[in-house]
Amino acid sequence: ISIWNWITALAVEGGVGHVSPHQLRHTCLATANDLTGDLRAVQELARHARPETTAGYTRVGQRRLAAVVVSIDYSRALEKAC
């Protein structure tokens, strides 16, 4: 039995439906980036040559978007615009 077949059979048996090894890799890399915020380290973990490839494994949740909005110093941004 191949790893592919073993993983997909195990997922079906576990009641989560069809899951491929690539989906597990995607989840692992996205979770690592969510928890660390270190895209460069995740790139190394994934053994990607280009950061653009790793960026495809990221996701932006509501909490992260809210943190970005809160971090903006609007008074400084206004000063730079004038």
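Here's the yes/no breakdown for (1) in contact with a Leu (Cβ under 8 Å, 6 or more places away or on another chain); (2) of a type in the set (A, V, I, L, M, F, W, C); (3) without any contact (Cβ under 8 Å) to a residue 60 or more places away in the chain; (4) assigned to a helix (DSSP H, G or I):
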{"site": "THR27", "(1), (2), (3), (4)": "no, no, yes, yes"}
{"site": "HIS48", "(1), (2), (3), (4)": "no, no, yes, no"}
{"site": "ALA66", "(1), (2), (3), (4)": "no, yes, yes, yes"}
{"site": "VAL69", "(1), (2), (3), (4)": "no, yes, yes, yes"}
Could you check, for segment 3-14, whether at least one of its residues is without any contact (Cβ under 8 Å) to a residue 60 or more places away in the chain, surrounded by fewer than 10 Cβ atoms within 10 Å (Cβ to Cβ) and in a loop (DSSP other than H, G, I, E, B)?
-> yes
Could you tell me which residue of segment 50-64 is farthest from THR27 (Cα to Cα), considering only residues that are open to solvent by less than 60 Å² (accessible area, probe 1.4 Å) and in a loop (DSSP other than H, G, I, E, B)?
-> GLY61
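Would you call LEU39 surrounded by 12 or more Cβ atoms within 10 Å (Cβ to Cβ), at pLDDT 85 or above and over 27 Å from ILE3 (Cα atoms)?
yes
The values are calculated or read from the model by the stated rules, or taken from the named source; none is laboratory data. The model shown is predicted, which means the values in this text are computed figures rather than measured ones. All Cβ positions, even for glycine, are placed from backbone atoms using ideal geometry, and neighbour counts span all protein chains on display. Just so you know, the surface numbers come from the protein's heavy atoms only, side chains and all, with ligands and any DNA or RNA stripped out. Shrake-Rupley method; radii C 1.70, N 1.55, O 1.52, S 1.80 Å.
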